[in-house]
Amino acid sequence: MVSSTPDLRRLAAGLLMGLALPAIAQDAPPAGAFYCCTDSSGRRSCGDLLPPQCTGLPYKVFNRQGVLIREVGRPLTPEEKAAQAELARQAKLQEAEARERRRKDQALLETYTSVEDIDRMQARAESEVIAAMSAAEAKIAEAKKRRKKFENEAEFYPNRPLPPEVAKGLRDEDAEIKAQRELVDAKKRELELIKSKYAEDRRRYIELSRRSGR
């Protein structure tokens, strides 16, 4: 699971402060500055230019009065660069998600003025879908009646090919029944989506209203 944005920012900041400072070292140092580093054995090396033994090590830059000007971390390894890039990518993704969430929240508050508004809009949306389902069911019933007539005619042709108009009539009504049943199934799914959408809108609206003291 992706870490929260504040955590990602802290991790990224740690990498940037502790590891990405070599990029700053490319800036020209103040006149009279000198460099110092400490190797793994604890030996300190200093010079007007970065001593060769400091290559690849963290070092510090001081002015002639011995006041610390800058600290430079060691160069990033390929793995650290990849980790830094991934942290930046995740932080950017979460910032985009947060912006989108704020946009949706604002749209929600502009769409509804009360929970009763949500109830009314849900009822209206559901009634339209239910009406479409009822119309499809009625068409199925009509198609079945028409098909029954062709079935009755087909009984006069036992063990014989059906007349083209009878065979076509059966095929057409079967296709109509199938299409309308598929429409009913699609509307049932749409009805469930509507219920889910308005349930989430209602939950989020109540949450936002409580935060803002509405």
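Assorted remarks:
- Meets criteria (surrounded by 10 or more Cβ atoms within 10 Å (Cβ to Cβ) and touching a residue at least 24 places away in the same chain (Cβ under 8 Å)) for Gly32: yes
- Selected residue (only one of Glu80, Glu176 is in the same structural domain as Glu200 (by TED's automatic domain parsing) and farther than 30 Å from Tyr205 by Cβ): Glu176
- All of Lys104, Lys81 fail the test of being within 28 Å of the chain's Cα centre (by Cα), charged (D, E, K, R) and within 30 Å of Tyr35 (Cβ to Cβ), apart from Lys81.
- Among the residues making up segment 66-109, those that are in contact (Cβ under 8 Å) with a residue 24 or more places away in the chain and of a type in the set (A, V, I, L, M) are Ile69, Val72, Leu76, Ala83, Leu87, Ala88, Ala91, Leu93, Ala98, Leu108, Leu109.
- Search result, residues across segment 110-127 that are closer than 19 Å to Glu192 by Cβ, exposed (fewer than 14 other Cβ atoms within 10 Å of the Cβ) and either of a type outside the set (Lys, Arg) or in contact (Cβ under 8 Å) with a residue 60 or more places away in the chain (or both): Asp119, Ala123, Ser127
Listed here are the residues, each with its yes/no results for (1) outside the structural domain of Ala143 (by TED's automatic domain parsing); (2) at pLDDT 95 or above; (3) more than 18 Å from Ala131 (Cβ to Cβ).
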residue: Glu155; (1), (2), (3): no, no, yes
residue: Pro158; (1), (2), (3): no, no, yes
residue: Gly169; (1), (2), (3): no, yes, yes
residue: Asp172; (1), (2), (3): no, yes, yes
residue: Glu182; (1), (2), (3): no, yes, no
residue: Ala186; (1), (2), (3): no, yes, no
residue: Leu193; (1), (2), (3): no, yes, no
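- Candidates Ile130, Ile140, Ile194, filtered to the one that is aliphatic (A, V, I, L, M), within 30 Å of Arg103 (Cα to Cα) and either touching a helix residue (DSSP H, G or I) at 6+ places or on another chain (Cβ under 8 Å) or free of Cβ contacts under 8 Å to residues at least 40 places away in the same chain (or both): Ile194
- Every residue from segment 167-201 that is more than 21 Å from the chain's Cα centre (by Cα), charged (D, E, K, R) and surrounded by 17 or more Cβ atoms within 10 Å (Cβ to Cβ): Glu173, Glu176, Lys187
The values are calculated or read from the model by the stated rules, or taken from the named source; none is laboratory data. Keep in mind the model is a prediction, meaning the values are calculated, not measured. Heads up, the Cβs are rebuilt from the backbone with ideal geometry, glycines too, and the neighbour counts pull from every protein chain shown.
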